[in-house]
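S.K.: Questions regarding the structure given below will be posed in turn.
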Amino acid sequence: MASSEPQPKPAKPHVLLIPYPAQGHVNPFLKLAKALHARGFHVTFVHTEYNHGRLLRARGAAAFDAGDEGFRFETIPDGLPLSDLDATQDIWALCKATRRTGPAAVRGLVERLNRAGDAPPVSCVVADGAMGYVVHVAKEMGLPAYLFFTPSGCGFLAYLNFDQLVKRGYVPLKDESCFTNGYLDTPVDWIAGMLPGARLRDLPTFIRTTDPDDTMLTINIKQCELDSPAADGILLNTFDDLERRALGAIRARLPNTFTVGPLGPEVAPPSYLPSLTSSLWRGDDRCVAWLDGHAEAAGSVVYVNFGSITVVTGEQMDEFAWGLAAAGSPFLWVVRPDMVRDGGGWALPEGFAEAVAGRGLTVGWCDQEAVLEHPATGGFLSHCGWNSTLESLRAGVPLLCWPFFSEQVTNCRYACEEWGVGLEMPREAGREEVEAAVRELMGAEGRGAAARRKAAEWKEKARAAVAPGGSSCANLERFVQEMALAKC
Ligand code: UDX
């Protein structure tokens, strides 16, 4: 006879999410975290103490308050001296420091959470691909561990081949002359899954070193050789239609790879736990209203934003300013407060305001997804960070690509050559080139118009991937089930 005693509720699976502490990583991680929470997981989201402080200053305590909803935030140190500057940290120093202090911090955190007993025991870990060492800590503690690589699939494929580039003698570069003598145009067609015609210059810029012990080169090799294969699975913020060839090559090496992107409103609607946000700067509230003012001319505004890490010289900023002024389109230009190198004093050039006569809005930070989704936005001058690229594809907005570093150059090449949504702007673009490139991007005919048509096609495919029945939607559900079963 069945017992009439009430049975204890089974404990929820408890996932610990540990993003690399930079804007382009915490954003997709928070979306993934909300998606997992919506599917019944208890979530612990781990920020560094530094980023926690920044979020608190930018957003207040609400950014961490999910009520009694089983969604909590914890912090670990990042290994760098504490600071209350609201600026992007030195990525190289951060990489080294987190690797030094991260393993003990993560172990200590899991032990503390389990000892506290006010939540189900931690049952699985999703760590950033850039923090692959977490996999080994989790394994030592008997926990399943997945790695979420936040860059593109094509970028990740390039990283997976860094060891081959070294073994085959392409990297490190022989000497400084290789930066300018055409060496970077060497084809790398032998990389299975890469787009045809790929060159060394299209691979993440961390190969552009003459030092065999270069920090980013060696860290990336280790992550791909040792950490990724030790993980129970790999997550990528992309979708199968977009990167089929690269994903085939990735899955040949790492079969349990889940493509779950684009992680956008379908996966984590802004209305779900809305106060929980990951934006390290406070967005300027004027942007959407200003775009509304241009909504009659759909697609007329060029949006300019180089992400959270790019730094440029004051001279380059002047060239952008005059190029935008001459191009004629209305523009929304985000100039991050820490964007100009040694440029505490950089200001818009004299006479610029008069030259653009109310045609431009310049702000320090914005809600980028809202800007890209706005019907007035018709083109995006971007550094091709992966989130920006994907958010632009999802919104159907073509790109003017001006990559800064890492796999942004790979994303740029794919955007221009493979996906047909991008035009590339020369690295040393002066004002005339900026003007010409913006005019071409925003033009009603020619290459810009062709990129706009392609972007509209990718918008449909991107949305279909995360809609019920789509590849990313199915992969997310499969991932959820795998993790829930792994519950200890
Ligand atoms: C980059 C890229 O993530 C990555 O491809 C590369 O490997 C290293 O770093 P980032 O410069 O932050 O990071 O660019 P991006 O990936 O585009 O992420 C920026 C995020 O911040 C996006 O989600 C974007 O929507 C958001 N953002 C940016 C805003 O919300 N407002 C802004 O004003 C600017």
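The values are calculated or read from the model by the stated rules, or taken from the named source; none is laboratory data. On a predicted model such as this, the values are computed, not experimentally measured, just so you know. Every residue, glycine as well, gets a Cβ built from its backbone with ideal geometry; the counts of neighbours run over all protein chains shown. Quick note on the areas: whole protein, heavy atoms, side chains included, nothing else; ligands and nucleic acids left out. Shrake-Rupley method; radii C 1.70, N 1.55, O 1.52, S 1.80 Å.
S.K.: Using a 1.4 Å probe, what is the accessible area per residue for the stretch 285-464, in Å²?
M.R.: With all protein chains present, the stretch 285-464 gives 38 Å² per residue.
S.K.: List the residue ranges in the chain for DSSP H helices whose C-alpha atoms run 30 angstrom or more along the long axis and whose Kyte-Doolittle average is -0.5 or above.
M.R.: 91-116
S.K.: Tell me the GluC sites (Glu not before Pro) within the stretch 217-318 that lie in a loop according to DSSP and have at most 16 other beta-carbon atoms within 10 Å.
M.R.: Passing sites in the stretch 217-318 are Glu296.
S.K.: Something else: Roughly speaking, what is the stretch gain from Trp92 to Ala370, that is 0.36 nm per residue apart minus the C-alpha to C-alpha distance, in nm to one decimal? Let's see the in-between values first.
M.R.: Details: separation 278, 0.36 × 278 = 100.08 nm, distance 3.09 nm.
Between Trp92 and Ala370, full extension yields 97.0 nm more.
S.K.: Hey, can you grab everything whose amide H is under 5 Å from the amide H of Thr238? Only 5+ residues off in sequence or another chain; H modelled, so Pro and N-termini drop out.
M.R.: When sequence neighbours closer than 5 places are left aside, the close amide H contacts are Val260, Gly261.
S.K.: Karplus couplings for the stretch 14-22 from phi (6.51 cos²θ - 1.76 cosθ + 1.60, θ = phi - 60°), rounded to Hz, Gly and Pro as x?
M.R.: Once rounded to whole Hz, the list reads 10, 9, 9, 10, 10, x, 5, x, 9.
S.K.: Let me ask something else about it. Distance from a point 7 Å along Cα→Cβ of Ala295 to each backbone N in the stretch 346-373: keep the residues under 15 Å and list them by number.
M.R.: From the stretch 346-373, the list is 370-373.
S.K.: Here's a follow-up. Which order, highest average first, do 319-332, 370-383, 56-69, 424-437 follow once you tally other Cβ atoms within 10 Å for each residue and take the mean per peptide?
M.R.: Numbers: 319-332: 21.1, 370-383: 22.9, 56-69: 13.6, 424-437: 16.4.
The packing order, highest mean first, is 370-383, 319-332, 424-437, 56-69.
S.K.: A further question follows. Let's see if you can work this out: charge +1 on each Lys and Arg Cβ, -1 on each Asp and Glu Cβ, no other charges. What is the dipole magnitude of the chain about its Cα centre, in debye to the nearest 20? All intermediate terms of the calculation are to be shown ahead of the outcome.
M.R.: On the way: 46 positive and 59 negative charges, 274 e Å.
Result for the chain is approximately 1320 debye, rounded to the nearest 20.
S.K.: If the label point is 7 Å along Cα→Cβ of Ala116, which residues in the stretch 29-54 have backbone nitrogen under 14 Å from it?
M.R.: Correct set: 42-47.
S.K.: OK, next. Ignoring ligands, DNA and RNA, what percent of the accessible area of the chain is carbon or sulfur (1.4 Å)?
M.R.: Result for the chain: 54 percent of the exposed heavy-atom area is carbon or sulfur.
S.K.: Using only the alpha carbon atoms of the stretch 49-93, find the Kirkwood hydrodynamic radius as the inverse mean reciprocal pair distance, in angstroms to one decimal.
M.R.: Hydrodynamic radius (Kirkwood, Cα only) of the stretch 49-93 equals 12.0 Å.
S.K.: Turning to a different aspect of this structure: Could you grab the Rg to Rh ratio for the stretch 76-205? Cα atoms only, Kirkwood for Rh.
M.R.: 1.09
S.K.: Would you kindly calculate the mean projected area, averaged across all directions, of the convex hull enclosing the Cα atoms of the stretch 205-362, in square nanometres?
M.R.: Averaged projected hull area, Cα only: 14.3 nm².
S.K.: Could I ask something else about it? Note down the nm distance, to one decimal, between modelled labels 7 Å out along Cα→Cβ at Arg253 and at Glu5.
M.R.: So the two model labels end up 5.3 nm from each other.
S.K.: Another question about this same structure. Relative to the compact-globule scaling 2.2 N^0.38 Å, provide the ratio for the alpha-carbon radius of gyration of the chain.
M.R.: 0.98
S.K.: If you don't mind, another one. Place a point 7 Å from the Cα of Tyr272 along the Cα-to-Cβ direction; which residues of the stretch 35-66 have their backbone N under 20 Å from it?
M.R.: Taking a point 7 Å out along Cα→Cβ of Tyr272, the residues of the stretch 35-66 whose backbone N falls under 20 Å are 35-47, 63-66.
S.K.: Of Tyr183, Tyr20, which has the most accessible area with a 1.4 Å probe, and how do the rest follow in descending order?
M.R.: The residues order as Tyr183, Tyr20, largest area first.
S.K.: Computed FRET efficiency, Cβ-Cβ of Ala464 and Leu82, R0 35 Å: what is it to the nearest 0.05?
M.R.: Values: r = 45 Å, r/R0 = 1.30.
That pair, Ala464 with Leu82, gives E of 0.15.
S.K.: Moving on to the next point. Evaluate the charge dipole of the stretch 66-200 about its Cα centre and quote only its size in Debye, nearest 20, assuming +1 on the Cβ of each Lys and Arg and -1 on the Cβ of each Asp and Glu.
M.R.: The calculation lands at about 560 debye.
S.K.: Roughly how many debye, to the nearest 20, is the charge dipole of the stretch 1-96 about its Cα centre, given +1 on each Lys and Arg Cβ, -1 on each Asp and Glu Cβ, and no other charges?
M.R.: Values: 10 positive and 10 negative charges, 68 e Å.
Charge dipole of the stretch 1-96: 320 debye, to the nearest 20.
S.K.: Additional query: Taking the radius of gyration and the Kirkwood hydrodynamic radius from Cα positions alone, what is the Rg/Rh ratio for the stretch 285-464, to two decimal places?
M.R.: Ratio of gyration radius to Kirkwood radius: 0.93.
S.K.: Provide the solvent-accessible area of Trp281, counting protein heavy atoms only and rolling a 1.4 Å probe, rounded to the nearest 10 Å².
M.R.: Solvent-accessible area, nearest 10 Å²: 20 Å².
S.K.: While we're on this one: What residue among Gly443, Val304, Leu217 has its Cα farthest toward the positive end of the dipole of the chain, where the charges are +1 on Lys, Arg and -1 on Asp, Glu, each on the Cβ?
M.R.: Of the options given, the answer is Leu217.
S.K.: Something else: Local charge sum around Leu280 (other residues, Cβ-Cβ under 14 Å, Lys/Arg +1, Asp/Glu -1)?
M.R.: For residues surrounding Leu280, the net value is -1.
S.K.: Between the stretch 450-488 and the stretch 18-38, what's the alpha-carbon centroid distance in Å?
M.R.: A separation of 16 Å, based on Cα centres.
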